[in-house]
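Chemist: Pasting in a structure now, in structure tokens, and then I'll have a few things to ask.
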Amino acid sequence: MHNRLLSVDVPLAGTRHTEVSADFARDVRNFLDLNLTDELREAGRRTTGVYSEITACRFWHKRLFRQGWIAPAWPVEFGGTGWSVAQRLFFDRECAKADAPILFAAGLRSIGPLLMTMGTAEQKERYLAPILSGDHLWCQGFSESAAGSDLAALTTRARHNDTFYIVNGRKLWTTGAHIASHMFALVRTGTFPQPQEGITFLLIDMKTPGISVQPIMTIDGQHEFNEVILDDVAVSVMDRVGEEHKGWSVAKHLMRMARSNNTNSGLLRRAWRAVERQCESQEGWRKTALAIQKAEVEIQLTAFESLELSLLDANRLSGDDEAASSLMKVTATELHQRIAQLLFDFSGQYRTAKMDCTEHGGDTYELDRFATEKYFASRAASIYSGANEIHRNLIGRNLIRFRNLNY
Ligand SMILES: Cc1cc2nc3c(=O)[nH]c(=O)nc-3n(C[C@H](O)[C@H](O)[C@H](O)COP(=O)(O)OP(=O)(O)OC[C@H]3O[C@@H](n4cnc5c(N)ncnc54)[C@H](O)[C@@H]3O)c2cc1C
């Protein structure tokens, strides 16, 4: 077995990009076996939303950081692992198989990579290391009550003096604002004929006086997002990313990275684990029926992994390729919903239980309850990171542009 090449199980056999060495595979599996405690695995299994219970998240983040594996996709000079795309996907897949917690990772997936390319030397110095170590957790303050799909309609304002912006307004649907140490936000600094002009991108410490966070509970019973109220919040001009009034292009770059990073095959494979557990618990015709539908969805999942691998391999998900990023977002989130639907369809008598039936229903109740919560949580997937209708518009626009170029 020594250093034999293993396939990552994605159907591009024959290309060198799909292979990881047996040594690498063994190291990853040993590490996960040794470090994922029962509590951490339980937290991973129970996750219905976009991150696991926060204590488990923090613990797992620190453990990966100490191992040097917290940011496999980052360049080595900023603390990445230097792994190939196949190694990164293998690692994600093994984490999913082992029920590792899902990290709260806006810092790792979006603002960290953005600062590497668009941040000042001071911002890189100040913010990248605590993102890696997990000391800073970031949330995203873009949306407002009248600015979602039409994000350029945002009205949170920032006045400017020599050293500070003074920010006033309200941000809505801010995932993790209640646990985040920092927020990256879009604010209006000027009024121009085009609403995209006059927007500025700021980095805000959540401990700054004038910030308050109001929880919003979701239909699955979880508290993941919030409203953030900013009342005369002072933000240093040193914490502006890009030029004043030009934050729209900074945000567009960040959103392209985030959209394709947020729902990846690691997240889908975790949801898939729940379907596998449910299959084990079924009997008779239900088991057969589930197996048939499961096979259909697994084909789509494998095809998605192939797409992800090829786009990553061609470096098309790093923020410059609008169509690739939108394609990933739409495909991944709709598949996520399909998996959750399958789980829900095959759940049993407890799926609509309004009270705790742990004593009576045991594991079946737990599986059913999870299926219901997962179903509701996955409804949000086609809305967050830009609604899928908007992504279809973007894909269409790119297709028209491509067609025009080729005529
Ligand atoms: C779980 C979750 C977490 C979120 N986390 C964050 C966060 O951390 N930070 C943050 O800033 N925001 C966050 N959001 C907000 C998210 O980005 C917005 O909900 C999203 O952009 C849609 O905006 P909206 O809710 O205002 O819907 P609207 O923009 O009002 O859209 C309503 C419907 O109309 C459709 N529609 C709108 N315009 C068009 C068009 N031009 N063409 C076709 N259809 C259109 C939409 O697709 C949608 O179906 C989160 C949302 C969810 C659900």
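Chemist: Identify, please: which residue in the stretch 316-347 is without any contact (Cβ under 8 Å) to a residue 40 or more places away in the chain and either under 15 Å from the mean Cα position of the chain (by Cα) or assigned to a loop (DSSP other than H, G, I, E, B) (or both) and is, among those, nearest to residue 392 (Cα to Cα)?
Modeler: Among residues in the stretch 316-347 that are without any contact (Cβ under 8 Å) to a residue 40 or more places away in the chain and either under 15 Å from the mean Cα position of the chain (by Cα) or assigned to a loop (DSSP other than H, G, I, E, B) (or both), the one nearest to residue 392 (Cα to Cα) is 331.
Chemist: Now for a separate question. Given the condition closer than 18 Å to residue 20 by Cα, crowded, with 16+ Cβ neighbours inside 10 Å, out of contact with any Asp or Glu (no Cβ under 6 Å at 6 or more places or on another chain) and among the charged types (D, E, K, R), answer yes or no: does some residue in the stretch 80-90 qualify?
Modeler: Yes, the stretch 80-90 contains a residue that is closer than 18 Å to residue 20 by Cα, crowded, with 16+ Cβ neighbours inside 10 Å, out of contact with any Asp or Glu (no Cβ under 6 Å at 6 or more places or on another chain) and among the charged types (D, E, K, R).
Chemist: Moving on. If you scan the stretch 32-50, which residues turn out to be touching a helix residue (DSSP H, G or I) at 6+ places or on another chain (Cβ under 6 Å) and crowded, with 19+ Cβ neighbours inside 10 Å?
Modeler: 40, 43, 48, 49
Chemist: OK, next. If I filter the stretch 288-298 for residues that are within 29 Å of residue 123 (Cα to Cα) and not β-branched (Val, Ile, Thr), do I get at least one hit?
Modeler: Checking the stretch 288-298: not a single residue is within 29 Å of residue 123 (Cα to Cα) and not β-branched (Val, Ile, Thr).
Chemist: Can you tell me which residue in the stretch 205-248 is farthest from the ligand (Cβ to nearest atom), limited to those that are among the aliphatic types (A, V, I, L, M) and in contact with a helix residue (DSSP H, G or I) (Cβ under 7 Å, 6 or more places away or on another chain)?
Modeler: So, considering only residues that are among the aliphatic types (A, V, I, L, M) and in contact with a helix residue (DSSP H, G or I) (Cβ under 7 Å, 6 or more places away or on another chain), the one farthest from the ligand (Cβ to nearest atom) is 238.
Chemist: Sticking with this structure for a sec: Counting only residues that are in contact with a helix residue (DSSP H, G or I) (Cβ under 7 Å, 6 or more places away or on another chain) and of a type in the set (Gly, Ala, Ser), which one in the stretch 120-142 is farthest from residue 180 (Cα to Cα)?
Modeler: 133
Chemist: Could you count how many residues in the stretch 189-217 are farther than 20 Å from residue 255 by Cα, polar (S, T, N, Q) and buried (at least 19 other Cβ atoms within 10 Å of the Cβ)?
Modeler: 1
Chemist: Next question. So which of 326, 310 ends up being surrounded by 15 or more Cβ atoms within 10 Å (Cβ to Cβ), touching a helix residue (DSSP H, G or I) at 6+ places or on another chain (Cβ under 7 Å) and of a type outside the set (Lys, Arg)?
Modeler: 326
Chemist: Let me ask something else. Filter the stretch 361-407 down to residues that are in a helix (DSSP H, G or I) and of a type in the set (Phe, Trp, Tyr) and give me whichever is farthest from residue 148 (Cα to Cα).
Modeler: Within the stretch 361-407, the match that is farthest from residue 148 (Cα to Cα) is 365.
Chemist: Can you find even one residue in the stretch 379-394 that is surrounded by fewer than 18 Cβ atoms within 10 Å (Cβ to Cβ), within 15 Å of the ligand (Cβ to nearest atom) and more than 24 Å from residue 50 (Cα to Cα)?
Modeler: Yes.
Chemist: Could I ask something else about it? Could you identify the single residue in 367, 335, 405 that is more than 16 Å from the ligand (Cβ to nearest atom), modelled with pLDDT of 90 or more and hydrophobic (A, V, I, L, M, F, W, C)?
Modeler: Among 367, 335, 405, only 335 is more than 16 Å from the ligand (Cβ to nearest atom), modelled with pLDDT of 90 or more and hydrophobic (A, V, I, L, M, F, W, C).
Chemist: Report whether or not residue 214 is under 30 Å from residue 352 (Cα atoms) and not assigned by TED's automatic domain parsing to the domain that holds residue 369.
Modeler: yes
Chemist: What are the residues in the stretch 278-296 that are closer than 18 Å to residue 370 by Cβ and aliphatic (A, V, I, L, M), if any?
Modeler: Of everything in the stretch 278-296, just one residue is closer than 18 Å to residue 370 by Cβ and aliphatic (A, V, I, L, M), namely 290.
The values are calculated or read from the model by the stated rules, or taken from the named source; none is laboratory data. Since the model is a prediction, treat every value here as computed from it, not as a measurement. With ideal geometry, Cβ positions are generated from the backbone for all residues, glycine too; neighbour counts draw on all protein chains shown.
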